Amino acid sequence: MKMKVNIKHVKDFVNLKEHGLQDKITKIHNMLHSDIKPSDFLGWFDLPNQTNMEEINAIMKVADRIKNNSQVLVVIGIGGSYAGSKAGIEFLDKPFEKNGVEILYAGHNISGRYLKYLIDYLSDKDFSVNVISKSGTTTEPAIAFRILKKILVEKYGKNHKERIIATTDAKRGSLYTLAKNEGYDMFVIPDDVGGRFSVLTPVGLLPFAVKGYNILDMIEGAREIYNNSLNPDITKNDVYLYAAIRYLLYKSGKKIEMLVNYDPNLIFIAEWWKQLFGESEGKDLKGLFVASANFTTDLHSLGQYIQDGERHLFETVLKINKIDEDVIIEKEENDLDDLNYLAGKSLKYVNDKALEGTMLAHVSGNVPNILIELEDISEKTFGKMIYFFELACAMSAYLIDVDPFNQPGVETYKKNMFALLGKKGYENIL
Ligand code: PA5
C-alpha cells in the first residue's frame, strides 16, 4: 500500500493530455533538480536526503531532558513555525491519551485571555519552552516569549535556562542574539528553508521527539516521496499529477479547493496545508483559495453549499486506509433504532461508505473530487504527506507563475498594526 492519488472522480473534468502541460511540468521539474536553483529557498527540496545525524542526536538529547524535567512543553511560534508541529502531533496522537509531555502552543495569536489561562494552567506544572522564529523578529511569538520567560525565571531562578530552547536562524535576528547572549540551547532553521516548508527541520522535529515520535521514520517517508517523484511524467508521478489536476481545474474556473477529511486527526493537517498553499500560491492576483471541511460533521453544514451552491469549487479528499482501532456495531433484538442492517459492520466500513457516497453525490453536483489515499496513521505516512504537499505546492505555484517562497502580502497588516501601536519608524504609515 502506498500514498496514492485516485483520479476516478476527477478525470472527466480535466484533460490531462492538454497541449503543453507535461512539457511545462517537465521544465519545472528539471529546474527544481538542476544545480542552478530558481530560488534561494529550495533547501527543503533535498532535505530528506541530507539527514544530519549530529543534529538528530542533539534533538534527541534535548528531548530526553525535557521529558525528564517537564510535564508541559510550550511551543511558541506562528505560521510555519507552528502549524507543522501541531499538525504532526494531532495526526499521530491517540485521542484522549494523556501519556508523556503535553505540548501546548503560544505566540500563534495575541489573545490575552488565551495566554492568561495558559499561564494559570502552567502555574502548578513543570514546563519548558521551545521558542521558534526563523526571522527572530515576529511580534506574536516575541510577546509570548517575553512573558513566559519571566515566569520561568521566577519559577526556576538561574536554572531556567535549561528550560528554554530557541529554534531560529544560524546568525541573525533578535531571537538569535537573545539566545546567544543568554546561552540557551539553540537549533538552526536553515537559511534556504522557508517557514512553511520547515516541518522536517528542528522546527517540527524537536516537538515530535519530545512527544516520543520517531523522527527518522518521518524523514524516511519524505525520502520515499522524493524518490517516487524523480520521473516528471504525470502518469507515473502522483505529486505532479495532483498539481496538474488542481492547475487544470483552476484554469477551468474552479477557484476554491477544499481539503476534506473523514478522521479528526487530520483536522490540523488541513490547517497546515492551508497555510502552505495559501501563503505560497495566493499572490499577484492569482491562486486557488484553499479551505477545508471535516466530514461527516460538515456534511451537516457546509455539505449543503458544496452540493448545491455556486459551482466554483472542487474537493481533495484525504482517506486513511488502515486504522489501528475500530468499533463494531452489534445486533440488538428489538432493533428500535433501525440499525440492525449495520450489525457486524465496523465504523470504518460505515465511514468509508459515507466517503464513497459523498464523492458520488458531489461529483454529480459538478464538484470534481481528487482522492488521496494514505496508508495508515504513522510517522512515515506523516513524512510522506508533508513532502508530497510541499513538492506539489512548489510545482503548483510555478505552474501559475508565482514565486512559492515569498509572502509580500503578509507585511500590510503588520505595518498598520505597528503604526497603530506607535512603533518607531511606522509613524507615517496610516
Ligand atoms: O511560511 C512562512 O514563512 C511564515 O508563515 C512564517 O513561518 C511566519 O510568518 C513566522 O515567521 P518566523 O518564523 O520568522 O517568526
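Going through the range 403-412 one residue at a time, which ones are within 11 Å of the ligand (Cβ to nearest atom) and either in a helix (DSSP H, G or I) or aromatic (Phe, Trp, Tyr) (or both)? Listed by number, the residues that qualify are 405, 410, 411.
Entry remark, the range 192-220: residues being surrounded by 24 or more Cβ atoms within 10 Å (Cβ to Cβ), more than 16 Å from the ligand (Cβ to nearest atom) and either among the polar types (S, T, N, Q) or closer than 25 Å to residue 241 by Cα (or both) number 1 in total.
Within the range 136-152, if we keep just the residues that are without any contact (Cβ under 8 Å) to a residue 40 or more places away in the chain, in contact with a strand residue (DSSP E or B) (Cβ under 8 Å, 6 or more places away or on another chain) and closer than 22 Å to residue 171 by Cα, the residue that is nearest to the ligand (Cβ to nearest atom) turns out to be 142. Might you let me know whether the range 406-419 holds any residue that is over 23 Å from residue 232 (Cβ atoms) and among the basic types (Lys, Arg)? Scanning the range 406-419 turns up at least one residue that is over 23 Å from residue 232 (Cβ atoms) and among the basic types (Lys, Arg). Within the range 328-342, identify whether any single residue is under 30 Å from residue 379 (Cβ atoms) and either open to solvent by less than 40 Å² (accessible area, probe 1.4 Å) or modelled with pLDDT of 95 or more (or both), and answer yes or no. Yes: the range 328-342 contains one or more residues that are under 30 Å from residue 379 (Cβ atoms) and either open to solvent by less than 40 Å² (accessible area, probe 1.4 Å) or modelled with pLDDT of 95 or more (or both).
Pairs meeting the criteria (first residue in the range 348-373 and surrounded by fewer than 14 Cβ atoms within 10 Å (Cβ to Cβ), second residue in a helix (DSSP H, G or I) and not hydrophobic (A, V, I, L, M, F, W, C), beta carbons under 6 Å, at least 6 apart or on different chains) are 365/307.
Across the range 240-248, not a single residue is classified as over 21 Å from residue 103 (Cβ atoms), within 16 Å of the ligand (Cβ to nearest atom) and open to solvent by 10 Å² or more (accessible area, probe 1.4 Å). Show me the helices (runs of 4 or more DSSP H) entirely contained within the range 1-101 in which 1 or more residues are over 23 Å from the mean Cα position of the chain (by Cα) and closer than 20 Å to residue 168 by Cα. Where helices (runs of 4 or more DSSP H) fall fully within the range 1-101 and carry at least 1 residues being over 23 Å from the mean Cα position of the chain (by Cα) and closer than 20 Å to residue 168 by Cα, they are 53-69.
Pairs meeting the criteria (first residue in the range 160-173 and assigned to a strand (DSSP E or B), second residue of a type in the set (S, T, N, Q) and open to solvent by less than 20 Å² (accessible area, probe 1.4 Å), beta carbons under 6 Å, at least 6 apart or on different chains) are 165/130; 168/133.
For the structure I just gave you, tell me whether residue 155 is open to solvent by 50 Å² or more (accessible area, probe 1.4 Å), of a type outside the set (Asp, Glu) and away from the ligand (no atom under 16 Å from the Cβ). The answer is yes for residue 155. Can you tell me which residue within the range 68-99, out of those that are more than 16 Å from the ligand (Cβ to nearest atom) and buried (at least 17 other Cβ atoms within 10 Å of the Cβ), is nearest to residue 188 (Cα to Cα)? Taking the candidates together, the pick is 73.
The values are calculated or read from the model by the stated rules, or taken from the named source; none is laboratory data. Just so it is clear, the structure is predicted and the values come from calculations on it, not from any experiment. Methodologically, a virtual Cβ is constructed for each residue, glycine included, from the backbone with ideal geometry; neighbour enumeration extends over all protein chains shown. The area values use the complete protein model at the heavy-atom level, side chains included, leaving out ligands, DNA and RNA. Shrake-Rupley method; radii C 1.70, N 1.55, O 1.52, S 1.80 Å.
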